[in-house]
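*Asks:* Quick one: the structure is below, and I'll ask about it shortly.
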Amino acid sequence: MPNYTFVTPIIAEGPAGGHRLFQFRKLDRGITVVGEPGAYQQVRYLQDEVLNTYSEIYRGGYNYTVNAATKTALIAGGVGVTEANFTAQ
């Protein structure tokens, strides 16, 4: 079974700083995906004690190695994960 590199979804947030020129610059922020296979959700700000309640945690801004079954479950989970979030290894 092939493995894939999963890159969590991102969102562009801005402005990137306080100076007026930073009004035109945005920073990419990773979104965390948590849940059970087939029942995923996106979360932005989690406390550490809440993380232990989920069986699968994909923290925003990191890359993960997943198998084909997990890839299919994440895409079908309806949380904005698409084929573009995966790269074959």
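Rule-based calculations on the coordinates, nothing more; no lab input. These numbers were taken from a predicted model, which means no experiment stands behind them. Here the Cβ is made from the backbone with ideal geometry for all residues, glycine too, and neighbour counts use every protein chain on show.
*Asks:* Under a Cβ-Cβ cut-off of 15 Å, what is the net charge of the residues other than residue 58 that fall near it, where Lys and Arg count +1 and Asp and Glu count -1?
*Replies:* Here the charged neighbours net out to +2.
*Asks:* For residue 16, enumerate residues with amide H under 5 Å from its amide H, sequence gap 5+ or separate chain, H modeled in the peptide plane.
*Replies:* So residue 16 has HN proximity to 25.
*Asks:* Within the chain, which is the longest segment that contains none of the chymotrypsin sites (Phe, Trp or Tyr not before Pro) sitting in a DSSP loop with at most 14 other Cβ atoms within 10 Å?
*Replies:* No qualifying site falls inside 1-44, the longest such stretch.
*Asks:* Next question. Defining a contact as two alpha carbons under 8 Å apart and six or more residues distant in sequence, what relative contact order in percent does the chain show?
*Replies:* 41
*Asks:* While we're on this one: What is the ratio of the Cα radius of gyration of the chain to 2.2 N^0.38 Å, with N the residue count, to two decimals?
*Replies:* Computed over Cα atoms of the chain, the ratio equals 1.24.
*Asks:* Using a cut-off of under 19 Å, list every residue of region 45-60 whose amide N is near the label point 7 Å from the Cα of residue 1 along the Cα-to-beta-carbon line.
*Replies:* 55-58
*Asks:* Quickly work out the residue 82-to-residue 47 label distance, labels modelled 7 Å from Cα along the C-beta direction, and quote it in nm with one decimal.
*Replies:* In this crude label model, residue 47 to residue 82 measures out at 3.6 nm.
*Asks:* Could you give me the ³J(HN,Hα) list for region 41-54, computed from phi with Karplus coefficients 6.51, -1.76, 1.60 and θ = phi - 60°, whole Hz, x at Gly and Pro?
*Replies:* Using θ = phi - 60°, the values come out as 8, 8, 9, 9, 10, 10, 8, 4, 5, 7, 4, 5, 7, 9 Hz.
*Asks:* Taking the number of other C-beta atoms within 10 Å as the exposure measure, put 26, 71 in order starting with the fewest.
*Replies:* 26, 71
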